[in-house]
C-alpha cells in the first residue's frame with residue numbers, strides 16, 4: 001500500500017487558497033474601477049466634505 005503524500009495535498013490546498021484570494025482581489029479591483037468606492041474611500045471623502053463645510057461656515 002502506498003503512503004499518502006501530505007506535502008502534495010498541502011500544496012494543492014495552498015494553491016486553491018491563493019487562487020481564491022486572487023479572484024476575490026480581482027473582483028474588488030473591478031468593482032472599484034466601475035466607480036463604486038470602498039468604505040475607506042467613502043470615509044475619507046465624507047471627512048473632507050465635513051472639513052470644507054466647517055471652513056466655509058467659519059468664513060461667513
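Just so you know, all these numbers are worked out from the coordinates, no wet-lab data involved. Given the structure is predicted, the values throughout are model-derived calculations rather than measurements. Glycine also receives a Cβ, built like all others from the backbone with ideal geometry; neighbour counts cover every protein chain displayed.
Quick notes on this one:
- Residue 33 paired with residue 18, simple spin-label distance in nm, labels 7 Å along Cα-to-beta-carbon: 2.3 nm
- In this label model, residue 26 and residue 3 are separated by 3.8 nm, measuring between points 7 Å along each Cα→Cβ vector.
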